[in-house]
1. I'm trying to understand the selection: among the residues of the range 115-149, which are out of contact with any strand residue (DSSP E or B) (no Cβ under 7 Å at 6 or more places or on another chain) and more than 28 Å from Asp92 (Cα to Cα)?
2. Which count do you get for residues in the range 74-87 that are at pLDDT below 90 and either among the polar types (S, T, N, Q) or over 22 Å from Gly33 (Cα atoms) (or both)?
3. Restricting the search to the range 127-138, which residues are surrounded by 15 or more Cβ atoms within 10 Å (Cβ to Cβ) and either of a type in the set (Gly, Ala, Ser) or not in a loop (DSSP other than H, G, I, E, B) (or both)?
4. Taking the stated definitions as given, is Arg21 of a type outside the set (Gly, Ala, Ser) and either free of Cβ contacts under 8 Å to residues at least 24 places away in the same chain or loosely packed, with under 15 Cβ neighbours inside 10 Å (or both)?
5. Could you list all residues from the range 146-162 that are surrounded by fewer than 17 Cβ atoms within 10 Å (Cβ to Cβ) and not in a helix (DSSP H, G or I)?
Amino acid sequence: MIEIVSRDPAQTSLVAAAVARLVRPRDIIVLAGPMGAGKTAFARGFAAALGVGPEDDVTSPTFTLVHEYRSGRIPVHHADLYRLATLGEVADLGLRERADLGDVVIIEWGDVATDVLGGHLRIDLEPDGDDDDMRVITVSVEGHSWDARWEKLRSALSAVAP
C-alpha cells in the first residue's frame, strides 16, 4: 500500500498523471471515497495524462454510467457506479470485457463492485481534516497485474507528492 497526501486539486491531477504514465492496456483503476473526495478530478487528470484532449470534456458519468474517450494513447472507459444497486447491473456494463479488449477502465465508486471486476489498482481518496483541498490518497492493488510496476509507481508518486 502507498499513502500520500495531496494538498490541492492540481496535485491530485499530478498523482493521477503519475498513475496514467504507468498504465497499460487492460488495466482497471477503481476510485473510492466519499462524495466530493475528488474521484472525478482524479479521472480528469488521468485521462488528460493519457492524451485525452480538452475537447473531450471529462465529466462524471453519473447518469450515463460510462463515458468513452478514444483520443488518447489508450482508449479509456470512465464509469460511475454510484446509481447501480446490484452486481448484476455492474456486470451488464461489461467493464471487465472492455478492459480485456485492451482498453483502460477507470471506475468511480468502483469499490462496491470489486467482486466482478477482477484484478485492479485501487485509489482511495479521503478528505484530510478541515482543509477542503487536502486529500489522503491510498493506492493498493488487487491481483498481480501491477507487481512489475509497483516500485516504479511508488517512486513516481513520491516525486509528485513527497
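The values are calculated or read from the model by the stated rules, or taken from the named source; none is laboratory data. Keep in mind it's a predicted model, so treat the numbers as computed, not measured. Glycine gets a Cβ as well: all are built from the backbone with ideal geometry, and neighbour counts include every protein chain shown.
1. Residues satisfying the conditions are Gly129, Asp130, Asp131, Asp132, Asp133, Asp147, Ala148, Arg149.
2. 1
3. Within the range 127-138, Pro127, Arg135, Val136, Ile137, Thr138 meet the criteria.
4. Here the answer is yes, as Arg21 does meet what is asked.
5. Matches in the range 146-162: Pro162 only.
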